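Asks: Have a look at this one.
No value in this document is a laboratory result; all are computed from the given coordinates. Predicted model, so just to flag it, every value in this text is computed and none were measured. Cβ: placed from backbone, ideal geometry, glycine included. Neighbour counts: every protein chain shown.
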Amino acid sequence: MLLVTRDAAVLAVDSRYWEQAEVETAGRGVAALRAQGPRSGWLRELIAEAGAAGKRVGVAPRDLTYAGFLALQAAVSEMPAGDRPELAPAAGLVEQLRRVKDAEELALLEEAIRISDRAFERLARELAPGMTELEAADRFERYVREEGGSGVSFPSIVAGGPWSALPHAQPRAERFAAGAPIVIDVGARYRGYCSDLTRTVVLGEPDAWFREVYEVVRAAQLAAIEGWNRGCGLPTRTNWRTPSSARRATVRRSGTGWATAWGLRFMKTRISGRHRTMFSKREWCLPLNPASTCPAGAGCASKTSSCSRMARRAS
């Protein structure tokens, strides 16, 4: 459990993580507390060390189950009345703070991106008819580790032929066929930071229909990047939609299929004052992910996980 105040940050962990927590928090302004015994005991110690006794404490609801919240309430009720904090929901607070990255975090994200790029390039050279979706996913994960990553960001998505039209298709023991599109949605994790990359490839020569869809998706990604670059210095309540709208409109105008787009929904949060200043410094990171799917055909997607300060090519 991590408790952060204006003046302190204290991380309480049980005996399984004592040594690890002390090593990983050293020099980072976070104190590691060795939690022992009943929750009410070490929670009182945590509250006291953070200087939060008797104060209002926000709880991040996204990361706490209802059962965990009930246990936390029970532990607080056992504390002396003067030490009991008032628990209150703090929805979105942690997420807002995490959106802005410092120089060290940007460097870690960029390395995660480079690792996934290198792993994908190795995999792309080996893709061939007859290889299974599962085999391709396993190879990518192995290459991520060989390139310096600690693992994949999420379960890899590798889907060929009509299966590739499903946005979150899971790899199967199906073999790739010549001429059929293959959607590969993967990422690398490096020191706790993750990249996200989607590419669509065809083994052999793609047909005219696929070329049309591919060019539409590529144009949608370029439109999103252009829209992002135009508005990144002046975010407002009205222009946060620009990159997503640009790529959706590009796909819809083409008439090639359904348009889907993810990655900018977090910008619906109102940006004001201090956050606008941070935003203008280009310290945000986001995925640009246009896609087109057809219910009777296959999908085509392209996503680049990028830091806003980086110039990334669309492909």
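Asks: Compute the distance in nm between two label points, each set 7 Å from the Cα along the Cα-to-Cβ direction, one at residue 102 and one at residue 5.
Replies: Between residue 102 and residue 5, the label points sit 2.1 nm apart.
Asks: For region 139-181, run through the GluC sites (Glu not before Pro) and keep only the ones in DSSP coil with at most 11 other Cβ atoms within 10 Å of their Cβ.
Replies: Passing both the DSSP loop test and the Cβ count: no residue.
Asks: Would you mind checking which residues have amide H under 5 Å from residue 31's amide H? H placed 1.01 Å from N; only 5 or more apart, or other chain.
Replies: Here 9, 10, 11 satisfy the definition.
Asks: How far apart, in nanometres, would the label points at residue 125 and residue 146 be if each is projected 7 angstrom from Cα along the Cα-to-Cβ direction?
Replies: Taking the two extended label points, one gets 0.9 nm.
Asks: Test of the criteria: in region 1-93, which trypsin sites (Lys or Arg not before Pro) are in a DSSP loop and have at most 11 other Cβ atoms within 10 angstrom of their Cβ? Intermediate values should be presented prior to the final figure.
Replies: Details: sites: 6, 16, 28, 34, 39, 44, 55, 56, 62; in loops: 6, 16, 28, 55.
Sites meeting the loop and neighbour criteria: 6, 16, 28.
Asks: Considering amide H positions built from the backbone, and no H for Pro or chain starts, which residues 5 or more places from residue 152, or on another chain, come under 5 Å of its amide H?
Replies: Result for residue 152 returns 189.
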